[in-house]
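Enquirer: One structure, pasted below without further comment.
Derivation of every value follows stated rules applied to the coordinates shown; laboratory data play no part. These numbers were taken from a predicted model, which means no experiment stands behind them.
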């Protein structure tokens, strides 16, 4: 079994930066608000699963 260990203080700014880039990409591709909402929810769900 593989185990990962991260410092939350170092990981949080990176996650926020990634989230911002995701939103910029969706906006630049003009994919629409529904895609932005769905991908944001998926991103948040993945982060929550990772942190638990």
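Enquirer: Specify the angular offset, from 0 to 90 degrees and rounded to the nearest 10, of the alpha carbon long axis of helix 33-51 from the longest principal axis of the alpha carbons in the chain.
Expert: Roughly 0 degrees, rounded to the nearest 10.
Enquirer: Shifting gears a bit: Is region 9-51 best put as rounded, prolate or oblate by its Cα gyration tensor, with a ≥ b ≥ c the root eigenvalues, rounded for a/c under 1.5, and otherwise prolate when a/b is larger than b/c, oblate when not? Don't skip to the answer; put the middle values down first.
Expert: Details: a/c = 4.57, a/b = 1.63, b/c = 2.81.
Cα axes put region 9-51 in the oblate bin.
Enquirer: Sticking with this structure for a sec: Nearest 10 degrees is fine. How inclined is helix 8-28 to the longest principal axis of the chain, computing both from alpha carbons?
Expert: 20
Enquirer: Report, in deg cm²/dmol and to the nearest 500, the calculated mean residue ellipticity at 222 nm for the chain, where each DSSP H run with n ≥ 4 adds -39500 (n - 2.57) and the sum is divided by the residue count.
Expert: Working: 2 runs with 40 residues, N = 52.
So the calculated ellipticity at 222 nm is -26500 deg cm²/dmol.
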